[in-house]
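Undergrad: Can you read through this structure? Questions will come right after.
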Amino acid sequence: MTAKSPDGRRGGRTARSEDRRAEIVEAALAVLAERGYRGTTLGAVADRVGLTQQGLLHYFPTKEALLAAVLDASGQWDLTAAALRGTGWPLEMLASLVEYHATRPALVRTYTVLAADSVTARHPARAFFRRRYRRAREGGANALREEYGQRLAGGLTPERAAPLLAAVLDGLQLQWLLDPESVDMAVAFRDFLRLLDPGAADGTSPARTAGKGE
């Protein structure tokens, strides 16, 4: 009889299966980044982890199931979405996340490729990215409101500025992936924050003095 672990699972077999699934998901991230969803095959992913395609099907019966697992794990590689979810993080913390992403080009590439792919008709990740951007806009508006109040220096409300915040975050990642020698996305994002509040540097910011009272 196979011994069970304290939580009732069947010892090493379950642990090995979970490790193997995680390995497959990591390989899928790499293949998706290189080929996009349409160009990715289960056979290519299986080759990365030393399995036959039939062996991989034991863990993920379809390409859609594998993509779902990749998206489920997205909290580990799309930290910006997590940061903007809910009440939103301070903008300074978002700037720190941009710096962190600059150390993880493979993960940023996978996210960028999947997000671009998802705009095509009937793409299985389309609903996921629609939800992701909706939450990013909501969280971004909350973060901007916490920082600048009900009006930014240029007169925009946090809700009007939130799509711009999300666009800058993802747009800088794309430019950086294409030309990392010319684009420092961490510096550029901090420059963007200064545009949102041009008086912050000399203490004359109308958003900080008046916006929060509106």
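Undergrad: Which ordering of S182, S96 is given by a fewest-first count of other beta-carbon atoms within 10 Å?
TA: If I rank by nearby Cβ atoms, fewest first, I get S182, S96.
Undergrad: Please compute, over every Cα-Cα pair in the range 127-196, the percentage with a separation greater than 17 angstrom.
TA: 47
Undergrad: Which value in nm describes the separation of the simple spin-label points at A65 and E181, placed 7 Å from the Cα toward the beta carbon?
TA: Reported label-point gap for A65 and E181 is 4.6 nm.
Undergrad: Let me ask something additional. From the backbone phi of the range 35-52, what are the Karplus-calculated ³J(HN,Hα) couplings (6.51 cos²θ - 1.76 cosθ + 1.60, θ = phi - 60°) in whole Hz, Gly and Pro given as x?
TA: 10, x, 5, 4, x, 7, 10, 4, x, 5, 5, 4, 4, 5, 10, x, 10, 7
Undergrad: Step through the residues of the range 179-194 one at a time and calculate ³J(HN,Hα) from phi using the Karplus curve (6.51 cos²θ - 1.76 cosθ + 1.60, θ = phi - 60°), rounding each to whole Hz and writing x for Gly and Pro.
TA: In residue order, the calculated couplings are 8, x, 6, 9, 10, 9, 5, 5, 5, 5, 5, 5, 4, 4, 4, 5 Hz.
Undergrad: From the phi of every residue in the range 112-126, what ³J(HN,Hα) in whole Hz does the Karplus formula 6.51 cos²θ - 1.76 cosθ + 1.60 yield, where θ is phi - 60° and glycine or proline is x?
TA: 4, 5, 5, 5, 5, 4, 5, 6, 6, 4, 6, 5, x, 9, 4
Undergrad: Taking 0.36 nm per residue of sequence separation and subtracting the Cα-Cα distance, how much length would be gained by fully extending the chain between E26 and R48, in nm to one decimal?
TA: Gain on stretching E26 to R48: 7.0 nm.
Undergrad: For the pair S17 and A106, what calculated FRET efficiency results from E = 1/(1 + (r/R0)^6), where r is the Cβ-Cβ distance and R0 = 35 Å, to the nearest 0.05?
TA: 0.90
Bear in mind that the values in this text are calculations on the coordinates, not laboratory data. Keep in mind the model is a prediction, meaning the values are calculated, not measured. Backbone-built Cβ (ideal geometry, glycine too); neighbour counts: all protein chains shown.
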